[in-house]
1. Could you tell me which residue out of GLY114, LEU270, THR230 lies farthest along the dipole of the chain toward its positive end? Charges go on the beta carbon: Lys and Arg +1, Asp and Glu -1, centred on the Cα centre.
2. For helix 306-325, what angle does its Cα long axis make with the longest principal axis of the chain, in degrees from 0 to 90 and rounded to 10?
3. Taking the Cα centre of the chain as the origin and placing charges on Cβ (Lys, Arg +1; Asp, Glu -1), which of LEU132, MET316, GLN176 is farthest toward the positive end of the dipole?
4. Tell me which residues come under 5 Å, amide H to amide H, from THR48 once H is placed; ignore anything under 5 positions away on its chain.
5. Filter LYS92/LYS139; LYS61/LYS98; LYS92/LYS190; LYS111/LYS139; LYS111/LYS190; LYS98/LYS139 down to the pairs with a C-alpha to C-alpha distance above 29 Å, please.
6. Arrange the following residues from fewest to most other Cβ atoms within 10 Å of their Cβ: GLU36, GLU91.
7. List VAL14, VAL236 from most exposed to least, where exposure is judged by having the fewest other Cβ atoms within 10 Å.
8. Using Cα centres only, tell me the gap between the range 77-123 and the range 151-185 in whole Å.
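Throughout, read-outs are computed from the coordinates displayed, never taken from laboratory work. If you're wondering where the values come from, they're calculated on a predicted model, not measured in any experiment. Ideal geometry is used to build each Cβ from the backbone, glycine not excepted, and the neighbour counts take in all protein chains shown.
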Amino acid sequence: MRAAIVGCGSIAHVHAAAIDEIPGITLAAAADIIPERAEEFHRQYGCTAYSSLEEMLAQEKFDVLHICTPHYLHVPMLHYGLEHDVHVFSEKPPVISKEQLLELQGLHTEKRFGFCFQNRYNPSIRVARELLASGQAGKVLGARGIVTWSRDASYYTESGWRGRLETEGGGALINQSIHTMDLLVYLLGKPLSIEAATQNHHLKGIIEVEDTMEAYIRFAGANALFYASTAYCDNVPPLIEVACENLTVRIEDQSLTYLYRDGHIENPELPSVKALGKNYWGSGHKSCIEDFYHSIAENRRFPQDLPGTLDTIRLMLGAYASARSGGEIVTIS
Ligand SMILES: NC(=O)c1ccc[n+]([C@@H]2O[C@H](COP(=O)([O-])OP(=O)(O)OC[C@H]3O[C@@H](n4cnc5c(N)ncnc54)[C@H](O)[C@@H]3O)[C@@H](O)[C@H]2O)c1
């Protein structure tokens, strides 16, 4: 199959590297409104460079469009790609507003589209999810998800779309910690409601979006605490902990620990997978992209399609709605 990428910034290199490693896929083209970025892709990966998505779709034959552009462009570009008869694999977040979600829900297409929630493919998450599903850990009592990363003013000034509500849609949640929120949903099941609050602690007057989000999420069987901030001094692995009757499952990126009630501790052996990008982006990009292509070839559902990510999308939009209104938002679909 032939792939094309729109948006040749930081994450696009991870997509190109994954495509390069997956047998049977060729990167045919790349487009960016900054022509030197698309040219750089031509030099590095041998693909044809374009200066817009429109031009690339008009001139190039390919099967899958990878969307690696700023948040506000994901839905319009996904829509445009489907209208031009290609499958679409989009970076997160799937949407930045309720209106965009309604637009996605109204799409009727024979083509496939899905989203990059690559951390669901981390071996630590897969093994933890199997353990929870097996019942061996006992009933889930509660959970917490904590992300403490560092994003200073230069991170926002180097890419103008970041830090603005209109183009990024939010900050620490929608950009940096949506994966951790998604993993809580992936591990705990359907979220019922959320209460959340946002702060801008360290970049006042520089960004419009939050650098910190805290939330209380009610799931069917248990509740979760969520805290995400980009005002920390370092990028440390996100922590996810699920407290169960028999043990607590602790996941820190690639490491998995079982803390039993009697005090003994186990670290189950996990396959090691190399991260293609920054370590704190996780190691799942290649597996996630490969699964998207295989789902097309095998004519089966891709797990991170719209139904497969709807609970996370509604929870994320609910968190922002709650932060704005100060009340609890029911998120059940
Ligand atoms: N899954 C992950 O772990 C992960 C990690 C980092 C970024 N991301 C996501 O990837 C996306 C891009 O992030 P980034 O950090 O690479 O941003 P970036 O600013 O480095 O790159 C975005 C690129 O899109 C280009 N662009 C903007 N408007 C365009 C248009 N109309 N047509 C074509 N190109 C256009 C820009 O010129 C830029 O080169 C975001 O949605 C971000 O949330 C995901």
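1. LEU270
2. Once rounded, one gets 70 degrees.
3. So the residue we want is LEU132.
4. Correct list: ALA29, ALA30.
5. Details: LYS92/LYS139 31 Å; LYS61/LYS98 33 Å; LYS92/LYS190 20 Å; LYS111/LYS139 40 Å; LYS111/LYS190 27 Å; LYS98/LYS139 34 Å.
Listed pairs above 29 Å: LYS92/LYS139; LYS61/LYS98; LYS111/LYS139; LYS98/LYS139.
6. Working: GLU36 9, GLU91 21.
In increasing order of surrounding Cβ atoms, one gets GLU36, GLU91.
7. Details: VAL14 21, VAL236 15.
The order, fewest Cβ neighbours first, is VAL236, VAL14.
8. Cα centroid of the range 77-123 versus Cα centroid of the range 151-185: 18 Å apart.
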